[in-house]
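To keep things clear, I will list the structure first and then write my remarks on it.
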Amino acid sequence: QNKINASRIHAAFNWKLSAATKLNLGYEYKYQDVVFLETQRNDALEQIDNRSGESAIHTIYGSLEQQLGAKLVMNAGLRMDAFELTNQKFFDPRVSFTYLATKTFFLKASGSRSHQYIRQSFGNDFDDFRVNNQFWVLARNRDQVVEGVQFMVGALYDNSDWLFDLEVYHNDISNINQVQDAERGNEPRPDLLGDLRTLGLDFLVKKRWEGFETWLSYTLGDTQESFGRSRNFRAAYYDQRNVLNVKWLYPRDRWSLALSWNMMSGVPVREPDEDEVNNNPMGPDEVVLTYQGRFPIQHQMDLSATYQFSRPGAGWRGVIGISILTLYDQRNVINAFQENVFVQDP
């Protein structure tokens, strides 16, 4: 059982001090209640992992937008978060610059630091096909608050028919936690804390044609993780160096069609832990890895269509849709437990 309840009160105040200066101030109160309860039953053995928690967060923030000359805009801000559960206060700065070279082309850069109290639990789980966004818990002590630092530089060109967007970024995230199996009784095992580093490049091209649009996006990334005492970084369990997406969008009257094709680098091959092998109900107690290093390249084509059956201008809106995944039935290897699937690199 995993459930998140959140209530929020937010007040924002904006002033235009001059033609070149804008000031923003605000206060936010947020109450978060996270329930995480996992029970495993095997004959007479019962394992319980209960990581539920609740707390309030008080936030005060301010930012200043300043026009510096005719073409440069700066936005600088400071955010203060007070987390009642761990009795901590954080002051997080952020700054961004935009340089308007022409009416259609500008440069951009930003840097920021932030903290998060709802934690996503990472797990090298071979049984869920690397679905990694389903377990969320609340920080339980002062050492478990997630901290992130990000820097970005980029450029954008937009002339209404063509759009080119390029960003290069570096992220450092500390105090991420990795799931460990529960022990007997009601007390979970201590979280295994670690760090995550990402260096990446995102590139987007969008072309507007008469009646439809085409998109092409490409990501070049290197994601490294570090857990345990050694603190050595290695390729993260979900690391994909290259991701290419091509999309075709066609709106027609009340219809909207989307056809997409994507290709991704194979993720690292990891050998399952001993307990995962022994408890695997779908296979033998010993796994023979066919691939080494990384799995083969993944690719697939998907189609989706939506139809708006409510009339334009009506007081309500009704939409029905359908999606078809892997149109040409591509078999992508992403899991050490997959059997009878042999794919050669292109």
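The values are calculated or read from the model by the stated rules, or taken from the named source; none is laboratory data. The structure displayed is predicted, hence computed values, not measured ones. For the accessible areas, the whole protein counts, side chains as well, though only heavy atoms, and no ligand, DNA or RNA atoms are used. Shrake-Rupley method; radii C 1.70, N 1.55, O 1.52, S 1.80 Å.
Please work out how much length the chain gains when fully extended from ALA56 to LEU303, using 0.36 nm per residue of separation minus the C-alpha to C-alpha distance, in nm with one decimal. Mind showing how you got there, number by number?
Working: separation 247, 0.36 × 247 = 88.92 nm, distance 4.29 nm.
Additional length available on full extension: 84.6 nm.
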In Hz, Karplus ³J(HN,Hα) per residue of the range 295-312 (6.51, -1.76, 1.60; θ = phi - 60°; x = Gly, Pro) | 6, x, 4, 9, 7, 6, 10, 10, 10, 9, 9, 10, 10, 8, 8, 7, 6, x
Descending accessible area (1.4 Å probe), largest on the left, turns THR59, THR98 into THR98, THR59
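Would you mind checking LYS71/LYS207; LYS16/LYS103; LYS71/LYS247; LYS103/LYS247; LYS22/LYS89; LYS16/LYS71 for any pair whose Cα atoms are more than 22 angstrom apart?
Values: LYS71/LYS207 27 Å; LYS16/LYS103 24 Å; LYS71/LYS247 34 Å; LYS103/LYS247 27 Å; LYS22/LYS89 27 Å; LYS16/LYS71 19 Å.
LYS71/LYS207; LYS16/LYS103; LYS71/LYS247; LYS103/LYS247; LYS22/LYS89, as the Cα separations exceed 22 Å there.
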On the protein heavy atoms, probe 1.4 angstrom, tell me the percent of accessible surface of the range 1-120 carried by carbon and sulfur.
-> 56
